[in-house]
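Peer 1: Sharing a structure below in structure tokens format, with a few things to ask.
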Amino acid sequence: MNNSVNYKYDVFISYDNRDENWVNNKLIFRLKNRGINCITQKDFPLGLPKIQNIESAIKKSRKIIIVISNYYIKNEWENFSSLLSISHALSSGEYRTIPIILETCNLPDLIDFLEKIEFHTNENNDEWERLIANIKPTPETLRNEDGKVILSENELLPPSHSFYSNWLNELDAPEGTVKLRSKFYVKREEEDIWLKNIYKCGVTIRVKGAHQMGKSSLLARMHQRAKDNSQKVLYLDFERFDEEVFSNLDKLLHYTAQRMARYWDAPNLPDKYWSTSFGAKDKLTDFVLQEILETICLPAVFILDNVDRVFNYQYRDDFFSLIRAWHNERAVDENWDKLNIVLAYSTEAFLFIQDINQSPFNVGFSIELTDFSSSKVEEMNSQHKMLIKSSNEIGYLKKLLGGHPYLLRMAFYQIAQKNISVSQLCKTASNDDGPFAEHLHRYLRKIETNQALRNGIHSVLTNSKCQSNEIFYRLRASGLILGHSPDSAQLRCELYAQYFKKRL
């Protein structure tokens with residue numbers, strides 16, 4: 001943040017009036033108790049246009065909080081969206097908007113890739129502290145949540161660091177997509193080549209990687225690269241879809257068409273095509289061809305993240321055969337060269353697709369995200385101001401975590417925030433209250449409820465093999481094991497081996 005800008009307020013809070021109780025009783029209460037100066041629409045001067053008041057508040061505030069609910073998207077977003085760019089780079093060139101998500105929503109593209117506070121899934125004190133730390137440095141007079149004055153700010157801080165630590169204010173929390181402007185993003189060796197493919201005409205790109213390998217972070221950069229090239233981009237994360245959308249193929253394709261119409265400004269809405277007697281696949285194909293592709297010049301980019309969620313439904317062959325048909329259509333209709341398709345997934349697709357000739361997972365350009373190399377771990381260390389001083393300690397960390405991108409990000413974050421050594425981190429790594437506890441518990445819960453997966457992990461631990469091909473591929477796709485075949489399987493890293501040996 002450019003500290004030379006003299007802001008009147010610490011934060012402007014934009015929200016819908018129906019969320020006012022939460023904003024007043026929780027958000028503003030906590031912020032004011034920490035000495036943070038807020039402005040909301042209740043403070044706007046009367047007699048001025050609302051859009052003018054919003055613009056003025058944005059310019060006068062160090063940070064902007066958008067309290068996102070379905071009410072907000074319906075009633076307030078149109079007023080705010082046209083001014084969002086002001087909050088991105090007014091004078092400092094940095095992003096200043098913090099979205100707070102109160103409930104599951106279809107997020108507008110403009111904020112979908114911003115780092116978010118997702119209170120609808122996890123409203124705990126750590127998230128509140130993360131929010132407060134991103135708004136303003138701790139003031140001289142501090143109060144706890146009960147309004148009691150804390151005499152010393154040292155009561156809230158970890159032990160002092162033995163190095164120059166102002167850079168910690170910029171340190172990203174390791175969860176979720178790495179922000180576009182983050183100084184802590186590690187670029188893959190071939191990433192520039194991958195991103196250039198988005199400019200081409202008629203490409204199908206497959207991005208495969210286990211959970212928390214960096215798929216969404218790479219897709220965010222593809223999305224931005226295409227937008228910078230003035231291409232129309234639609235990003236759909238299938239994990240965000242409501243279960244009702246997946247009830248049948250027609251609903252899924254109709255919903256997809258509605259999202260396309262909205263973000264690609266289709267001249268006619270999908271209902272025109274859904275009123276015909278054609279099948280759902282033909283309806284969506286006709287809509288895309290006539291309303292999107294025949295009206296644009298540069299290739300549009302259609303990004304489908306976590307598309308393997310469709311594997312859970314009986315109509316999966318029909319859905320994926322449609323994507324394959326669009327890929328094949330490029331050979332006979334040049335309009336289809338104006339649609340670039342990006343599929344991101346983690347599951348072994350051939351376990352689910354019956355006809356390989358109808359699958360989109362064996363065509364196009366393939367990107368497989370693997371573990372970071374030793375040189376990339378060194379690069380992460382450099383990004384974190386050489387927190388780890390010796391090559392031996394780097395080796396210990398690599399042995400414990402392999403090259404797992406998320407676990408390495410979490411390790412550097414913990415070392416920096418808690419001012420601990422690599423050996424201290426390693427001693428508590430597999431504990432139930434250790435630095436990786438949430439990540440490990442998530443895997444354990446899934447394995448404990450599935451006896452076949454439990455048996456598979458136990459077999460890998462004891463015999464370095466997996467008895468079932470299907471279980472081998474499921475465990476490998478989940479990121480828990482490595483190996484080229486069921487007879488050469490091993491746990492992904494030493495951390496997983498330590499943790500599951502104690503509990504299975």
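The values are calculated or read from the model by the stated rules, or taken from the named source; none is laboratory data. Model, not experiment: these values are computed from the prediction. Cβ atoms come from the backbone with ideal geometry, glycine included; neighbour counts cover every protein chain shown. SASA here: full protein model, heavy atoms, side chains in, ligands and nucleic acids out. Shrake-Rupley method; radii C 1.70, N 1.55, O 1.52, S 1.80 Å.
Peer 1: So which of Pro267, Pro299 is in contact (Cβ under 8 Å) with a residue 24 or more places away in the chain, over 28 Å from Asn312 (Cβ atoms) and in contact with a Lys or Arg (Cβ under 9 Å, 6 or more places away or on another chain)? Working first, answer last.
Peer 2: Details: Pro267 fails: in contact with a Lys or Arg (Cβ under 9 Å, 6 or more places away or on another chain).
Residue meeting the stated conditions: Pro299.
Peer 1: Filter segment 49-64 down to the residues that are open to solvent by 80 Å² or more (accessible area, probe 1.4 Å) and touching a helix residue (DSSP H, G or I) at 6+ places or on another chain (Cβ under 8 Å) and list them by number.
Peer 2: Lys50, Lys59
Peer 1: Against the condition of a type in the set (Ser, Thr, Tyr) and more than 30 Å from Ser230 (Cβ to Cβ), how does Ser423 come out, does it pass?
Peer 2: Criteria met by Ser423.
Peer 1: When Ala437 is evaluated against the numbered criteria (1) under 15 Å from Leu401 (Cβ atoms); (2) over 30 Å from the mean Cα position of the chain (by Cα); (3) not aromatic (Phe, Trp, Tyr), which criterion, by number, is the only one it fails?
Peer 2: (2)
Peer 1: Taking the condition closer than 26 Å to Asp317 by Cα and aromatic (Phe, Trp, Tyr), does Tyr235 pass?
Peer 2: It is true that Tyr235 is closer than 26 Å to Asp317 by Cα and aromatic (Phe, Trp, Tyr).
Peer 1: Given Phe365, Phe372, Phe352, which one is among the aromatic types (Phe, Trp, Tyr) and open to solvent by less than 30 Å² (accessible area, probe 1.4 Å)?
Peer 2: Result of the check over Phe365, Phe372, Phe352: Phe372.
Peer 1: Would you mention how many residues in segment 385-435 are open to solvent by less than 10 Å² (accessible area, probe 1.4 Å), closer than 19 Å to Gly176 by Cα and not in a helix (DSSP H, G or I)?
Peer 2: 2
Peer 1: Is it fair to say His223 is open to solvent by less than 40 Å² (accessible area, probe 1.4 Å), at pLDDT below 90 and either on the phi < 0 side of the Ramachandran plot or not in a strand (DSSP E or B) (or both)?
Peer 2: Taking the combined requirement at face value, the residue does not satisfy it.
Peer 1: Out of Ala266, Ala257, report the one residue that is open to solvent by less than 40 Å² (accessible area, probe 1.4 Å), out of contact with any Pro (no Cβ under 8 Å at 6 or more places or on another chain) and either among the small types (Gly, Ala, Ser) or modelled with pLDDT under 95 (or both).
Peer 2: Sole residue among the options that is open to solvent by less than 40 Å² (accessible area, probe 1.4 Å), out of contact with any Pro (no Cβ under 8 Å at 6 or more places or on another chain) and either among the small types (Gly, Ala, Ser) or modelled with pLDDT under 95 (or both): Ala266.
Peer 1: Now a separate question. Could you grab me the full set of residues in segment 183-220 that are crowded, with 17+ Cβ neighbours inside 10 Å, basic (Lys, Arg) and more than 15 Å from Phe302 (Cβ to Cβ)?
Peer 2: Within segment 183-220, Arg188, Lys208, Lys215 meet the criteria.
Peer 1: Additional query: Return the residue satisfying two criteria in turn: it lies in segment 2-48 and is hydroxyl-bearing (Ser, Thr, Tyr) and in a loop (DSSP other than H, G, I, E, B), and of such residues it is most open to solvent (accessible area, probe 1.4 Å).
Peer 2: The residue in question is Ser4.
Peer 1: Here is a list: Arg492, Arg442, Arg476. Which entry is in contact with an Asp or Glu (Cβ under 9 Å, 6 or more places away or on another chain) and either modelled with pLDDT under 90 or more than 19 Å from His404 (Cβ to Cβ) (or both)?
Peer 2: Arg476
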